[in-house]
1. Determine ³J(HN,Hα), in whole Hz, for all residues of region 222-230 in sequence, where each value follows from phi through the Karplus function 6.51 cos²θ - 1.76 cosθ + 1.60 and θ = phi - 60°; x replaces Gly and Pro.
2. Counting only DSSP beta bridges with both residues in the chain, what percent are antiparallel, rounded to the nearest 5?
3. HN-Hα J couplings of region 9-18 from phi, Karplus 6.51/-1.76/1.60, θ = phi - 60°, integer Hz, Gly and Pro as x?
4. Could you work out how far helix 193-202 tilts from the main Cα principal axis of the chain, as a 0 to 90 degree angle to the nearest 10?
5. Restrict the search to region 1-56; then list the GluC sites (Glu not before Pro) that DSSP places in a loop and that have at most 15 other Cβ atoms within 10 Å of their Cβ.
6. State the extension gain, in nm to one decimal, for the chain segment bounded by VAL187 and VAL104, taking 0.36 nm per residue of separation less the distance between their alpha-carbons.
7. Quick check for you: which residues of region 42-61 have the amide N under 17 Å from the point 7 Å beyond the Cα of ALA89 toward its beta carbon?
8. Pick out, from GLY195, GLY243, PRO32, the residue whose Cα sits farthest towards the positive end of the charge dipole of the chain, with +1 on the Cβ of Lys and Arg and -1 on the Cβ of Asp and Glu.
Amino acid sequence: MTQNIYDDPDFHAAYLRLPRSVEGLEGAPEWPSLRAMLPPVPGARVLDVGCGLGWFSRWARQAGAASVLGVDVSARMLAGARAATADPAITYAQADLEQPDLPVAAFDLAYSSLALHYIAGLDGLLAALARSLVAGGMLVASVEHPIWTAPAAPGWLTDAAGQPAWGVTCYLDEGPRAVDWLGARVVKQHRTMSGWLAALAQAGFNLTRLEEWAPSPAQLAAHPEWVNAGQVPNFLLFAARRG
Ligand SMILES: C[S@@+](CC[C@H](N)C(=O)[O-])C[C@H]1O[C@@H](n2cnc3c(N)ncnc32)[C@H](O)[C@@H]1O
């Protein structure tokens, strides 16, 4: 059952205070890497999967997309997206991606930032995304890295040298993880690296780019508080073409 935690008032309020909510794409340190994976956007019909506040939807139109459909299960996130958007070529729709109902062969690009790791029925969603793309259409997405989603009780440990070390446990046990984040118990879905790649292949996607993203040295210099997170990849970024 879909948790829809982004409609929880306290969680939503905390999420709105994150840099990526306040500053948009520029506040998301992985955005330059994800942007580099995008196919040409001018003229593209774009689907923004788990669009949240609509930052990418608006960016895509400014980059020349013909149209954008942003879908999200959260009414609160969609209200924020609509309030920030004055563009008739952008449509937002409330939809639960666990039961995807998407138009067929309607998009050139499906984009998803940090939403797919919430989806238990990933195979069904990827199949629907493949159907919604034209032949040769691209899926470009970011998800939390399997190293982050694996532990049942995530946290930093202390290694033998007294240094912080991320505790990777339960890696091979794919499935839900309930983790404390922004004052709430948030359910995410853990998949191994091979699990992600197999799901894409099974849906008929051919992987074209894969990046295990971690902050760059320049980003770490600007954000010394990220020094621990910089030890391991934070996000998995990928681009895949519909076969
Ligand atoms: C971390 S936010 C990312 C929002 C946006 N893509 C961004 O990068 O700013 C994750 C989004 O996925 C949405 N989401 C989670 N589960 C979903 C589901 N089952 N169906 C549709 N959207 C979902 C949430 O409501 C939330 O807006």
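The numbers here are math on the coordinates, done by the rules we state, and not lab data. Being a predicted model, the structure only gives us computed values, none of them experimental. Reconstructed Cβ throughout: ideal geometry from the backbone, glycine too, with neighbour counts over all protein chains shown.
1. Running phi through 6.51 cos²θ - 1.76 cosθ + 1.60 with θ = phi - 60° gives 7, 10, x, 5, 8, 4, 5, 4, x Hz.
2. Here the antiparallel bridges make up roughly 55 percent for the chain.
3. So the Karplus estimates, Gly and Pro as x, are x, 5, 5, 4, 4, 5, 4, 5, 8, 5 Hz.
4. The two axes meet at around 20 degrees.
5. Hits after loop and neighbour filter: GLU23.
6. 26.9 nm
7. 42-48, 55-61
8. Looking along the dipole axis, the top candidate is GLY243.
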